[in-house]
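A short reminder: the numbers here are calculations on the coordinates, not readings from a lab. Here the structure is a predicted model, which is why all the values come from computation and not from measurement. In this analysis, Cβ positions are derived from the backbone assuming ideal geometry, glycine residues included, and neighbour counts consider all displayed protein chains.
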Amino acid sequence: MNGHSLYQPQSGFMKWLEARLPIWSLVHSSFIAYPTPRNLNYWWTFGGILSVLLVIQIVTGVVLAMHYTPHVDYAFDSVDAIMRDVNFGWLLRYVHAVGASMFFFAAYIHLFRGLYYGSYKAPREVLWILGVIILLLMIATGFMGYVLPWGQMSFWAATVITNLFSAIPVFGQAIVTWLWGGYSVGNPTLNRFYSLHYLLPFVILGVVVLHVWALHVVGQNNPTGVEPKSQQDTVPFTPYATIKDTFLMVCFFILFAWFVFYMPNYLGHPDNYVQANPSVTPTHIVPEWYYLPFYAILRAIPNKLLGVVMLVSAIAILAFVPWLDTSRVRSATYRPLYKQFFWIFVAVCIGLGWLGSKPAEGSYVLWARVLTAWYFFHFLIILPALGLWERPRPLPTSITEAVLGPKGGAPVARGAAAPERRG
């Protein structure tokens, strides 16, 4: 899949540079001549969208850090000053805040696409695990960034979430004290979170580089789930994939711009525009929308320690999906039962997100427990069992056959016989 770079420098300077630092041949082989499965659809664009969003978050974050004051007495006012007094400060802050939501939105689509098309199956296990690590780092970075405005929801979210560590036996309270930098959420806490929020995006960038490297080693998966077998199965990344990706990126960033300019506060919480007050507890403490499914799982468990374990397990279990799914067929396109269970799972995750935004009482808690049970049931029972008794549809022998039909013309009839089944 990697191929060999055919880049030939034309100028004398480029020949001199290529002999000493072959960076342009690397770019050429990775983003121009890179062989891409010819049947990739728009769901594969979200990897590129996430890369652009990461750069936007880092650039806007660095500029905002130049004007932000990480002190409990001045943090809230410094954010207000950024909005009012810094040239285009309002735009920088809104792009950064909305960008965090767009980042998670694109990451969740990227994750569900991988689950649907089996992008975690061999030989892409390490690629998948690196993606899960990126998601964990995003969650940590986003939470610490949520604390920085030092509004009511920032303060109380920090208090609630950091207190979860106290459930850890023996060392829990010591960890909480270390996180706080004292015996309550205060200025040392804000400084710790500010430092880590600034550092972690660069750690994410490093893991993203590893993620892309692993992708270029094993090659891209595709909607059929059949590995490319000849040059007919692939096309050069540029212009084919480049044009496709550019179109969806433009559409995505139109949506991004619409939120920035017309509804910048829609995805936030109004209580965070009130300065933090340790003496006044908000009626209903909720995190940002992209944490709500995990927050619902946490609150569904009556035992604090077990709730924390289930919360962590809900994310960690994703790393074991390559081994929990025992089917030899990758794509849900050829797995009729798995396709149905997949959409049930998507509905469960959306339901958990909605329940996470509701008070932890009455039927909300009951339904959160039911959906939490199904969440783990999907991974621990359904995925292993389907590999044993599901009968997938016959796979095409190649990507070209899936696109053009058995004779390179008519489309493949659904359920048509194939010489063999491949995973």
- prompt: Quick one: what pairs do we get from region 239-260, first residue more than 20 Å from Phe31 (Cβ to Cβ), second surrounded by 14 or more Cβ atoms within 10 Å (Cβ to Cβ) and of a type outside the set (Ser, Thr, Tyr), C-beta under 6 Å, 6+ apart or different chains?
  reply: Phe256/Met102; Phe259/Val98; Val260/Val95; Val260/Val98
message: It is to be established whether one or more residues within region 18-30 are surrounded by 16 or more Cβ atoms within 10 Å (Cβ to Cβ), in contact (Cβ under 8 Å) with a residue 40 or more places away in the chain and in contact with a Phe, Trp or Tyr (Cβ under 9 Å, 6 or more places away or on another chain).
response: yes
task: Could you list, in sequence order, all residues of region 119-177 that are closer than 16 Å to Val308 by Cα and hydroxyl-bearing (Ser, Thr, Tyr)?
output: Thr159, Thr162, Ser166
query: For the subset of region 52-64 comprising residues that are in contact (Cβ under 8 Å) with a residue 40 or more places away in the chain and touching a His at 6+ places or on another chain (Cβ under 9 Å), which member is surrounded by the fewest Cβ atoms within 10 Å (Cβ to Cβ)?
result: Ile56
message: Please count how many residues of region 31-51 are assigned to a helix (DSSP H, G or I) and surrounded by fewer than 17 Cβ atoms within 10 Å (Cβ to Cβ).
response: 4
task: Can you confirm whether region 271-290 contains a residue that is polar (S, T, N, Q), under 25 Å from the mean Cα position of the chain (by Cα) and in a helix (DSSP H, G or I)?
output: yes
